[in-house]
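Colleague: Before I ask anything, let me first share the structure, which is written out below as structure tokens.
The values are calculated or read from the model by the stated rules, or taken from the named source; none is laboratory data. Since the model is a prediction, treat every value here as computed from it, not as a measurement. Backbone-built Cβ (ideal geometry, glycine too); neighbour counts: all protein chains shown. Ligands, DNA and RNA are excluded from the accessible area calculation, which covers all protein heavy atoms including side chains. Shrake-Rupley method; radii C 1.70, N 1.55, O 1.52, S 1.80 Å.
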Amino acid sequence: MRLNRFIGDFNLDAGRLTLRDLDVVHQIVHVLRLPVGSRVILGDGTGYEAEGEIISVGKDTIEIALGGKRLNGNEPLRRVTLYLAVLKRENFEQAAEKATEAGAAKIVPVLSERTVKKGLNTERVRKIMKEAAEQSGRGIVPQLSEPMTFPDALQTAAGNDGNLFFHTEEGILLGEKPEVLSGKKISVFVGPEGGWSEAEVAEAKNAGFALASLGRLTLRAETAAIIATYLA
């Protein structure tokens, strides 16, 4: 049976743990309605987890008896950072949620030339990513950086083993050239609804980034971000 998973600042070395996080307590008691005797998995956010049994429920706390700590085995071996232009409406949130499920280690919102929406509720996105990490069985919650400009994003990614810059149908077909993903630290750049500008494409080329493609079909930006992250 699949157990519910919660990631937080938990001391997994304690044989008995008192949960005081009100969001987690509310989720267990009022949303999932888990009774005493139910088993859950707690992760500490660093990749370790432990299975536990609910032994008592208070007004704002839950007592859990923990088993042995173990390393979560679901994390990808490759560290992929998704650099995604801020998208309109809730599309960035959807992309961040699914990229988390696909294994992204970090997500960087990028303010590009054609970015329409400039503001981003990063706290809301972090909450969505945390829930996605728990739902998909991950051992960590991917890091979400504050939005940065396109030049800053290029500079930040320069130290990676490989940088893939997705640009319509130009460049390497990622599914057909797995050798471009030989490094352990890879960045994936996906542009806004209107695509990257010519100047941004030129900057990426000059920085040594590899132009990459997901094929001839025109994908929505959030779809491209999810697929590119998964393939990487």
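Colleague: Consider Val125 against the criteria (1) within 25 Å of Asp9 (Cβ to Cβ); (2) open to solvent by 10 Å² or more (accessible area, probe 1.4 Å); (3) of a type outside the set (Gly, Ala, Ser): it satisfies all of them except one. Which criterion is unmet?
Modeller: Unmet condition: (2).
Colleague: In region 85-108, how many residues are open to solvent by less than 10 Å² (accessible area, probe 1.4 Å), among the aliphatic types (A, V, I, L, M) and closer than 14 Å to Gln135 by Cβ?
Modeller: Qualifying residue count for the region: 2.
Colleague: I've got another one for you. Looking at Lys88, is it free of Cβ contacts under 8 Å to residues at least 60 places away in the same chain, basic (Lys, Arg) and part of a loop (DSSP other than H, G, I, E, B)?
Modeller: On the way: free of Cβ contacts under 8 Å to residues at least 60 places away in the same chain: no; basic (Lys, Arg): yes; part of a loop (DSSP other than H, G, I, E, B): yes.
For Lys88, the condition - free of Cβ contacts under 8 Å to residues at least 60 places away in the same chain, basic (Lys, Arg) and part of a loop (DSSP other than H, G, I, E, B) - is not met.
Colleague: Further question on the same structure: Can you tell me which residue is most open to solvent (accessible area, probe 1.4 Å) among those in region 188-221 that are among the hydrophobic types (A, V, I, L, M, F, W, C) and under 25 Å from Arg89 (Cβ atoms)? Talk me through it step by step, then tell me what you get.
Modeller: Filtering region 188-221 for residues among the hydrophobic types (A, V, I, L, M, F, W, C) gives 188-190, 196, 199, 201-202, 204, 207, 209-212, 214, 217, 219, 221.
Remaining after also requiring under 25 Å from Arg89 (Cβ atoms): 188-190, 196, 214, 217, 219, 221.
Working: Val188: 0, Phe189: 0, Val190: 8, Trp196: 11, Leu214: 54, Leu217: 144, Leu219: 68, Ala221: 13 Å².
Among residues in region 188-221 that are among the hydrophobic types (A, V, I, L, M, F, W, C) and under 25 Å from Arg89 (Cβ atoms), the one most open to solvent (accessible area, probe 1.4 Å) is Leu217.
Colleague: For region 150-173, give me the residue count where each residue is open to solvent by 60 Å² or more (accessible area, probe 1.4 Å), closer than 26 Å to Thr218 by Cα and either among the hydroxyl-bearing types (Ser, Thr, Tyr) or in contact (Cβ under 8 Å) with a residue 60 or more places away in the chain (or both).
Modeller: Qualifying residue count, region 150-173: 1.
Colleague: Of the numbered conditions (1) assigned to a loop (DSSP other than H, G, I, E, B); (2) surrounded by 15 or more Cβ atoms within 10 Å (Cβ to Cβ), Glu146 satisfies every one except a single condition; which is it?
Modeller: That leaves (2) as the condition not met.
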